[in-house]
Amino acid sequence: MGRGSGLSVLQLVKAFEEVSGQKVPCEIVGRRAGDIDASYADVSLAKKELEWQATRGVLDMCMYLIFNGVLLVIRHRLSGHQGCV
């Protein structure tokens, strides 16, 4: 669950590039038939019912994904596997 504010695909790509230091190859094209303008959640119910709210943002999420991806590769290699994860 996010923090209740929208994020574009381009913003996510830029955040991943910032955190990883790697260029993400992408091509900006027109919207496809059926693509939605935006998608985001109203997080007020989680805050009310669970007394919980997200405290981290997209950069933290990207760092988490990169870190756990690296750990997955390390564990895979340490277990004796040589192929793809």
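The values are calculated or read from the model by the stated rules, or taken from the named source; none is laboratory data. Remember, predicted model here, so these are calculated numbers, not experimental data. Counting neighbours? That spans all protein chains shown, and the Cβs are built from the backbone with ideal geometry, glycine included.
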- [ ] Scan segment 40-49 for residues that are among the acidic types (D, E) and not in a loop (DSSP other than H, G, I, E, B) and report the count.
- [x] 1
- [ ] Might you check whether a residue that is closer than 17 Å to R56 by Cα and out of contact with any Gly (no Cβ under 9 Å at 6 or more places or on another chain) occurs anywhere in segment 21-43?
- [x] no
Open item on the list: I'd like to verify a number: residues in segment 1-43 that are surrounded by 10 or more Cβ atoms within 10 Å (Cβ to Cβ) and charged (D, E, K, R), how many?
Closed with: 4
Task: segment 44-75 - residue that is modelled with pLDDT of 85 or more and among the hydrophobic types (A, V, I, L, M, F, W, C) and, of those, surrounded by the most Cβ atoms within 10 Å (Cβ to Cβ) - done: A46
TODO: Output the residue which, of all residues in segment 6-39 that are part of a loop (DSSP other than H, G, I, E, B) and within 14 Å of the chain's Cα centre (by Cα), is modelled with the lowest pLDDT.
DONE: G6
